[in-house]
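Engineer: Structure incoming, see below.
The values are calculated or read from the model by the stated rules, or taken from the named source; none is laboratory data. Since this is a predicted model, take the numbers as computed values, not measurements. Heads up, the Cβs are rebuilt from the backbone with ideal geometry, glycines too, and the neighbour counts pull from every protein chain shown. The protein model used for the area step is the full one, side chains on, heavy atoms only, and it has no ligands, DNA or RNA in it. Shrake-Rupley method; radii C 1.70, N 1.55, O 1.52, S 1.80 Å.
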Amino acid sequence: MLQNIREGLKGTVVAGIVLFLFVVPLVLTGIGGSFLGSAAGTDAASVDGKGISESSLRRAVYQRKQQLLGRENVDPNADFLKDENLRGPVLEGLTQRAAIVVSATEGGMGVADTTVATSIRDVPDFQLDGKFDAQTYQRLISNFGYTPTSFKVQLVEDILVNQHTQGIEASAFSTEQELNVLVSLTQQKRSFFTIDIPKAVVSESISVSTEDISSYYEENKSKFVEEEKLSVEYIELSVSEIALTVDVSDDEIKEQFDQEIASFKPNDEYEIAHILLEEKDTQAQNVEELTKKIAEGVDFAELVTAYSDDGGSKENAGNLGVLTLGVYPEAFEAAVLALDEGQVSGAVTTDAGVHFIKAISKKVDKAPTFEARQASIASALKIAAAEEIFSSSLEQFGELTFSSSNLQPAVDELKLKVKTTGFFTREGGVGVANNAEFREVAYSEEVLTKDYNSRVIEFSNSQAIVLRKAIHKPERTKDLKEIESEITETLTKQKTEEALKVLVASVIEKLEAGDSAEELAKSASYEHKAFDGVARSSSDASFQVNSKVFAMSLGEKAVAYDSVAARDGNQTVIALSSVVAGTRADIKDQQYKGLSSQLVNQNARFENLNYESQIVADADIDIK
């Protein structure tokens, strides 16, 4: 059962882990490590004896911050992004996760080494040209303070948590009674009639006076405040733009390529298969038999079928794919590296059991050709040259703008372009004005009041900006003349709605008194419609009417009345007269199965939430 769960988790678990740990932070920052500290020190918390280190907490806080920064229009200086404010919620999440890991482990759940290895190997972010790349793997995990060992521990725990969840959800079920209740509601049918009252009935009598407009304006002046806005001119010194102006010669590219070839270290690639013999009474006998049969040249795939205890690879002739260094136990990897193509190792013992490993293929890395590397090297050389120009020009950039009353000296000397932003407020903007520091400098006294060029704003090691005020619009309350038509429209709408409500109430009162709906509608030139046995999904009536009808309660009444506004402002009076529960006969077999599956999934989520909440409640959680 556990093996089936493991197999079902492949791919989705790892994709989630990589998205959380790598993709978001790397895309946003291109760096890691700023959050890292010594692995030593006291734990931040412990859960049933399982420690949560301070370094793990700092890493999780950093990752959470990068996720939040990935959302649109997030101010990087916002209070909720401060470490001290993220620490509590993140630590709570880590303790809950640890409680589930402990519960799963104590329940006998585990993850095979081969599952971990396959999971890591299949992560797209660890691959180059569709194949696992050990250097990329090592670089990415080290950026976040992981070693191969600690990353495997993290991955195993993540898989355990998902196994735990999957195991609980797989046991969920629904009763026939629950399903029948759901069918009775979803397949319910209702009968009702409607009377449409157009707003035109009252709109001709609606008038808005000058006094009404003036009063509304005085009472709601705060609604008509136009926020302070600013537009600035700015010049930008950036590595990316400088690189566009840099030329590199073929000789420089060739020289760099020769250096790469001189330092090139091939990474042999092994595709491997194995037979795993787990610890049991027959293990020693099986090791002896396999050793003999391998020496006799018996087909390895046949031996896998007959002997291997690894359910994950057994159906694929024991194939584990390409060896991922740093993922498998040291003894396992050492045995592989000693093999030639087609060769089978002797017995190799690890914590998982005894392995016999076959090198299906061995591919030696070839050095890249000049043609394949030429464009990349040229780009890298341009960037390197641009970085030097950027560094040497940065001081001059500041001097030219500091001593001038405008941006022109820097534009002329450094061959820059003046750019202009749209209007932005102190709280937000688009493009470069989305940056909080940019806005803070733009609204500083030096720029806003004294009309100075700003100080140099260094966004990164590759981008610097200087700005100056272009157009400033102070906060102001709009004049009545500017918004007179807007107020007139608002008041007209309000008075129309009020008049319609009075009219609707009058119609309902007459219906409750026994007036005929047909005659009442006819006498007032309203439209009357009757609906018999309408389902929830029916399109006979409008969406607004259908939604209201199925939200109404008939109770002990013979008829229930209500009303709903249409999108065009017209009103519809609704009279609900009949509610008939749905039955099994009202639903097709396929729909019934789908509803049953939906109910099971809903129960599963509810049960899992409750179960995990109980685990956390029972855990011994100690916050340091």
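Engineer: Residue farthest toward the positive end of the dipole of the chain, with Cβ of Lys/Arg at +1 and Asp/Glu at -1: which of Gly555, Ala104, Val156?
Structural biologist: Going by the Cα projections, it comes out as Gly555.
Engineer: Could you give the nm distance between label points at Asp451 and Ala367, where each point is 7 Å from its Cα heading toward the beta carbon?
Structural biologist: Distance between label points: 6.4 nm.
Engineer: Work out which helices of the chain, taken as complete DSSP H runs, extend at least 20 Å along their axis over the Cα atoms and score a mean Kyte-Doolittle of 0.0 or more, then list them.
Structural biologist: Qualifying helices, which must be both long enough and hydrophobic enough, are 370-402.
Engineer: Computed over the Cα atoms of segment 482-624, what is the ratio Rg over Rh, Rh following Kirkwood?
Structural biologist: Expressed as Rg/Rh, it is 1.19.
Engineer: Do the sum for the chain: with -39,500 (n - 2.57) for every DSSP H run of n ≥ 4, divided by all residues, what is the mean residue ellipticity at 222 nm, to the nearest 500 deg cm²/dmol?
Structural biologist: Mean residue ellipticity, 222 nm, calculated: -15500 deg cm²/dmol.
Engineer: Answer with one residue from Ile508, Ala170, Ser404: the one whose Cα lies farthest towards the positive end of the charge dipole of the chain, charges on Cβ with Lys, Arg +1 and Asp, Glu -1.
Structural biologist: Ranked along the dipole, the leading option is Ile508.
Engineer: Then there's this: For each pair in Lys481/Lys501; Lys229/Lys450; Lys221/Lys481, compute the distance between the two Cα atoms and list the pairs where it is over 20 Å.
Structural biologist: In this structure, Lys481/Lys501 lie more than 20 Å apart at Cα.
Engineer: Order these peptides, 348-356, 85-93, 517-525, by their mean beta-carbon neighbour count within 10 angstrom, highest first.
Structural biologist: Going from most to least packed, we get 348-356, 85-93, 517-525.
Engineer: How big is the charge dipole of the chain about its Cα centre, in debye rounded to the nearest 20, if each Lys and Arg gets +1 on its Cβ and each Asp and Glu gets -1 on its Cβ?
Structural biologist: Using Cβ point charges on Lys, Arg, Asp and Glu, the chain gives about 1020 debye.
Engineer: Further question: What FRET efficiency, computed as 1/(1 + (r/R0)^6) with R0 = 30 Å and r the Cβ-Cβ distance, is obtained for Ile261 and Thr350, rounded to the nearest 0.05?
Structural biologist: With R0 = 30 Å, the Cβ-Cβ based efficiency is 0.20.
Engineer: Among 577-589, 392-404, how do they line up by average Cβ neighbours within 10 Å per residue, starting with the highest?
Structural biologist: Output ranking for 577-589, 392-404: 392-404, 577-589.
Engineer: With a point put 7 Å past each Cα toward its Cβ, work out how far Ser142 is from Gln614 in nm, to one decimal.
Structural biologist: 4.7 nm
Engineer: Where the accessible area of the chain is counted over protein heavy atoms with a 1.4 Å probe, how much of it, in %, is carbon and sulfur?
Structural biologist: Numbers: 16930 of 34830 Å².
That share works out to 49 percent.
Engineer: For Asn85 and Arg567, FRET efficiency with R0 = 41 Å and r from the beta-carbon atoms, rounded to 0.05? List each step's numbers first, then the result.
Structural biologist: Working: r = 42 Å, r/R0 = 1.02.
Step by step, r from the Cβ atoms, then E = 0.45.
Engineer: Let me ask something else about it. Roughly how many debye, to the nearest 20, is the charge dipole of segment 48-172 about its Cα centre, given +1 on each Lys and Arg Cβ, -1 on each Asp and Glu Cβ, and no other charges?
Structural biologist: 240 debye
Engineer: About the Cα centre of segment 476-624, what is the dipole size in debye to 20, counting +1 per Lys and Arg Cβ and -1 per Asp and Glu Cβ, all else neutral?
Structural biologist: Details: 18 positive and 25 negative charges, 56 e Å.
My answer is approximately 260 debye.
Engineer: While we're here: Can you give the three extents of the C-alpha atoms in segment 89-240 along their principal axes, from longest to shortest, in whole Å?
Structural biologist: Ordered largest first, segment 89-240 gives principal extents of 80, 70, 36 Å.
Engineer: Would you work out which of Phe132, Ala200, Gly145 lies farthest towards the positive end of the dipole of segment 123-253, given +1 charges on the beta-carbon of Lys and Arg and -1 on that of Asp and Glu, about the Cα centre?
Structural biologist: After comparing all options, I get Ala200.
Engineer: Using 7 Å Cα-to-Cβ label points, what is the Lys593/Ala284 separation (nm, one decimal)?
Structural biologist: 5.3 nm
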